[in-house]
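Peer 1: Sharing a structure with you now.
The values are calculated or read from the model by the stated rules, or taken from the named source; none is laboratory data. None of these values were measured; they are calculated from a predicted model. All Cβ positions, glycine included, derive from the backbone under ideal geometry; neighbour counts span all protein chains shown.
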Amino acid sequence: MDVTARNVLGIKSILGTELLNKHQIQQILDCAFYFKAIRNTKAPFPKSLAGKNAVMLFFEPSTRTRSSFALAAKNLGGNTVVLTKEASSTGKGETLLDTARTIEAMQPDVLVLRHPSAGSPHHIDRALAIPVINAGDGFHEHPTQALLDLMTLKEFKGNFAGLRVLIVGDIAHSRVARSDIYALQTMGAKVSVCGPPTLLPPQIEALGVTAYTDLRAAVRDQDVVMVLRIQLERLNPAQNPSGGEYARFYGVSTETLKHCKPDVLIMHPGPVNRGVELSPDVVDGPRSVILNQVGNGVFVRMAIFHLLTGGEALHEGTMV
Ligand code: ASP
């Protein structure tokens, strides 16, 4: 089965935003907005996944991504089967590739993979005929997070061209940072990053971003401040800054907002460590769109399921 030949994106899988062009990102966002508009009218969703099955291999913890993929499939009439690391045979010595081939032999229509190893979805994708969706591979990419971030930005800011976005935190170990940098730049935004020197990857500027280590200087003139969690699970303990010290220099608080544009948007992919990278009043404050991001995650994942499994291009204008 040649999946690419029968899908409008012209790609088999969603492995990373580095591999998506502007047109493909636009098609995914248009489709996500279409589904959101349907939800707002309370009309039923098209059942484009009816009779189709998605297997979700989640080898790392997840709250938002896993539940929103499951809801997305269900909204479109599809089924999901979730397999975690603990529940799978990888603990008995089976390789990820063998697990994926075993799953494919049961003929699901799509495989969603979250895995701690960077590049694992690409590896699986080469061996499988069905579409693979990367739900986060180590510190590498988290494309559906970046796409839901873009959807949220489009809603609140209208346009990407020239939009100034600052990503603050553990840039070195964050798959969200990488996916957002690629996707935002493809759409024409101007991306900067800020964090302690130990958490900024060497040569980050080669990605076309401006790097800062001083938060106050970094936030000035930014339209959006995207705050990230320190990826403690990917750091060795020697790299681990103390929460209090980190919050003092890099925590975004009401005091930080005084140096921002009055209409700045505060984003965070979650989970938030309140009082470390973001103060509780900012998390719950009027500039925060964190829960809007979560809500949009369902529509973006619906769009990806719909388009990768052969659904037609949809946008709000196609609504009847
Ligand atoms: N939920 C996001 C991820 O899985 C961000 C985070 O965990 O910090 O990468």
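Peer 1: Could you give me the residue pairs with C-beta distances under 9 Å whose first residue belongs to segment 218-241 and is assigned to a helix (DSSP H, G or I), whose second residue is charged (D, E, K, R) and crowded, with 23+ Cβ neighbours inside 10 Å wherever it lies, and which are 6+ apart or on separate chains?
Peer 2: Close Cβ pairs satisfying both conditions: 232/170; 234/170.
Peer 1: Every residue in segment 199-215 that is out of contact with any strand residue (DSSP E or B) (no Cβ under 7 Å at 6 or more places or on another chain) and more than 25 Å from residue 236 (Cβ to Cβ), please.
Peer 2: 208, 214
Peer 1: When the residues of segment 223-255 are filtered to those that are within 16 Å of the ligand (Cβ to nearest atom) and among the aromatic types (Phe, Trp, Tyr), which remaining residue is farthest from the chain's Cα centre (by Cα)?
Peer 2: Ranking the candidates gives 246 first.
Peer 1: Look through 38, 11, 25 and report the one residue that is at pLDDT 95 or above and out of contact with any helix residue (DSSP H, G or I) (no Cβ under 8 Å at 6 or more places or on another chain). Don't jump to the end; show me each part of the working.
Peer 2: On the way: 11 fails: out of contact with any helix residue (DSSP H, G or I) (no Cβ under 8 Å at 6 or more places or on another chain); 25 fails: out of contact with any helix residue (DSSP H, G or I) (no Cβ under 8 Å at 6 or more places or on another chain).
From the options 38, 11, 25, the qualifying one is 38.
Peer 1: While we're on this one: Go through segment 176-195 and count every residue that is assigned to a helix (DSSP H, G or I) and either in contact with a Pro (Cβ under 6 Å, 6 or more places away or on another chain) or within 16 Å of the ligand (Cβ to nearest atom) (or both). Walk me through how you get there before you give the answer.
Peer 2: Pass one, segment 176-195, residues assigned to a helix (DSSP H, G or I): 176-186.
Still in the list and also either in contact with a Pro (Cβ under 6 Å, 6 or more places away or on another chain) or within 16 Å of the ligand (Cβ to nearest atom) (or both): 176-183.
Summing the residues that are assigned to a helix (DSSP H, G or I) and either in contact with a Pro (Cβ under 6 Å, 6 or more places away or on another chain) or within 16 Å of the ligand (Cβ to nearest atom) (or both) in segment 176-195 gives 8.
Peer 1: Within the set of pairs 6+ apart or on separate chains, which have a first residue in segment 61-74 that is farther than 15 Å from residue 133 by Cα, a second that is away from the ligand (no atom under 16 Å from the Cβ), and C-beta atoms under 9 Å apart?
Peer 2: From segment 61-74, the pairs are 71/302; 74/49; 74/80.
Peer 1: For residues that are within 16 Å of the ligand (Cβ to nearest atom) and part of a helix (DSSP H, G or I), scanning just segment 123-150, find the one that is farthest from the chain's Cα centre (by Cα). Even if it seems obvious, please write down each step before you answer.
Peer 2: The first filter runs over segment 123-150 and keeps only residues within 16 Å of the ligand (Cβ to nearest atom), leaving 133-150.
Narrowing further to those that are part of a helix (DSSP H, G or I): 143-150.
Details: 143: 5, 144: 4, 145: 1, 146: 4, 147: 6, 148: 6, 149: 7, 150: 9 Å.
Selected residue: 150.
Peer 1: In segment 99-122, which residues are assigned to a loop (DSSP other than H, G, I, E, B) and within 16 Å of the ligand (Cβ to nearest atom)?
Peer 2: Going residue by residue through segment 99-122, those that are assigned to a loop (DSSP other than H, G, I, E, B) are 106-109, 116-119.
116, 117, 118, 119 - these are the residues of segment 99-122 that are assigned to a loop (DSSP other than H, G, I, E, B) and within 16 Å of the ligand (Cβ to nearest atom).
Peer 1: Here's a follow-up. Name the residues in segment 256-283 that are in a loop (DSSP other than H, G, I, E, B), farther than 23 Å from residue 159 by Cβ and either over 21 Å from the mean Cα position of the chain (by Cα) or basic (Lys, Arg) (or both), would you? Give the steps one after another, and end with the answer.
Peer 2: So in segment 256-283, the residues in a loop (DSSP other than H, G, I, E, B) come out as 258-264, 268-273, 275-277, 279.
Then keep just the ones that are farther than 23 Å from residue 159 by Cβ; that gives 258-259, 270-273, 275-277, 279.
Within segment 256-283, 258, 259, 275, 276, 279 meet the criteria.
Peer 1: Quick check: is even one residue across segment 31-54 touching a residue at least 40 places away in the same chain (Cβ under 8 Å) and touching a strand residue (DSSP E or B) at 6+ places or on another chain (Cβ under 7 Å)?
Peer 2: yes
Peer 1: Within segment 257-274, take every residue that is more than 14 Å from residue 168 (Cβ to Cβ) and in contact with a Ser or Thr (Cβ under 9 Å, 6 or more places away or on another chain) and give me the one that is surrounded by the most Cβ atoms within 10 Å (Cβ to Cβ). Steps first, please.
Peer 2: Keep residues of segment 257-274 that are more than 14 Å from residue 168 (Cβ to Cβ), which gives 258, 261-263, 270-271, 274.
Subset that is in contact with a Ser or Thr (Cβ under 9 Å, 6 or more places away or on another chain): 270-271.
Details: 270: 17, 271: 11.
Among those residues, the one meeting the criterion is 270.
Peer 1: Could I ask something else about it? Tell me, which residue of segment 11-64 that is of a type in the set (Val, Ile, Thr) and more than 21 Å from residue 313 (Cβ to Cβ) is farthest from the ligand (Cβ to nearest atom)? Break it down into steps so the answer makes sense when it comes.
Peer 2: Here is the first cut: in segment 11-64, the residues of a type in the set (Val, Ile, Thr) are 11, 14, 17, 25, 28, 38, 41, 55, 63.
Then drop every residue that is not more than 21 Å from residue 313 (Cβ to Cβ), which leaves 55, 63.
Values: 55: 19, 63: 8 Å.
Out of the qualifying residues, it is 55.
Peer 1: For residue 211, work out the one condition from (1) within 16 Å of the ligand (Cβ to nearest atom); (2) under 25 Å from residue 118 (Cβ atoms) it doesn't fulfil.
Peer 2: (1)
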